[in-house]
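Notes follow once the structure below has been shown.
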Amino acid sequence: ETAEQLGWQAPDHVVVPAASGSQLTKIAKGFRELARVGLLDEEPHVRVSGAQALGCSPIATAFAEGVDYVRPVKPDTIAKSLAIGNPADGIYALDEVRSSGGAFGAVSEGEIVEGIRLLATTEGVFTETAGGVTIATLARLAADGVVRPDERVVAYVTGAPTMEAFAGAFDIEDRS
């Protein structure tokens, strides 16, 4: 779907929320398969970056420490959909990010809420916490120069929000 929306072009960089790590690896594999079957003009080189909440960031921690294993953690984050402390595909996600030249980021609870708010106020898209993790990580990677201004970037915003979960965070008045 991403390649199709981009006119059968691959993006330069993707930022993907990571719980088990599986989605991240499958997105990267998908671009390679599209090229193999001739739907993309050339073999893409998509830089893949992962996004995790600081309160559950075993893959991001392994990336930062430069190790080739993922140490399990006890999740403690508002990003419940990403709260997998022992990610089954963590080492594969780690390998994919490293081999593509991407990075892993881990963002705080406040940054997650700010990511949700930013997406809602600038794009009119209301997301749950995983989307906030992705947007906040993208902002951090851009500020750090990992995501470059000349790149075509796709941020994967996943999950379905509930208004009740975030009403207090956005000064939303009850109109019932």
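The values are calculated or read from the model by the stated rules, or taken from the named source; none is laboratory data. Just so we're clear, the structure is a prediction, and the values are computed from it rather than from any experiment. Every residue, glycine among them, receives a Cβ derived from its backbone with ideal geometry; neighbour counts consider all protein chains shown.
Details
- Being within 17 Å of Ser22 (Cα to Cα), touching a Lys or Arg at 6+ places or on another chain (Cβ under 9 Å) and buried (at least 21 other Cβ atoms within 10 Å of the Cβ) is a description that does not apply to Gly131.
- Qualifying residue in segment 21-37 (condition: within 22 Å of Gly115 (Cβ to Cβ) and not in a helix (DSSP H, G or I)): yes
- Taking segment 42-72 as the range and being at pLDDT below 95 and of a type outside the set (D, E, K, R) as the test, the residues that pass are Pro44, His45.
- Tabulated pairs, segment 73-87, first under 15 Å from Ala60 (Cβ atoms) and free of Cβ contacts under 8 Å to residues at least 24 places away in the same chain, second outside any loop (DSSP other than H, G, I, E, B) and among the polar types (S, T, N, Q), C-beta under 9 angstrom, 6+ apart or interchain: Val73/Thr61
- Residue match in segment 43-51 (condition: outside any helix (DSSP H, G or I), touching a residue at least 24 places away in the same chain (Cβ under 8 Å), farther than 18 Å from His13 by Cα and in contact with a Gly (Cβ under 7 Å, 6 or more places away or on another chain)): no
- Look at segment 96-120: where a residue is within 20 Å of Ser20 (Cα to Cα) and a partner is part of a helix (DSSP H, G or I) and among the charged types (D, E, K, R), sitting 6+ places away or on another chain with Cβ atoms under 6 Å, you get Gly105/Arg140.
- Filter result for Ala60 (touching a strand residue (DSSP E or B) at 6+ places or on another chain (Cβ under 8 Å), closer than 20 Å to Thr129 by Cα, small (Gly, Ala, Ser) and assigned to a strand (DSSP E or B)): no
- Selection over segment 134-159 of residues that are surrounded by fewer than 20 Cβ atoms within 10 Å (Cβ to Cβ), at pLDDT 95 or above and hydroxyl-bearing (Ser, Thr, Tyr) gives a count of 1.
- Criterion: out of contact with any His (no Cβ under 6 Å at 6 or more places or on another chain), surrounded by 21 or more Cβ atoms within 10 Å (Cβ to Cβ) and farther than 29 Å from Arg32 by Cα - qualifying residue of Ala79, Ala106: Ala79
- Residue that is nearest to the chain's Cα centre (by Cα), among those in segment 96-135 that are part of a helix (DSSP H, G or I) and among the hydroxyl-bearing types (Ser, Thr, Tyr): Thr134
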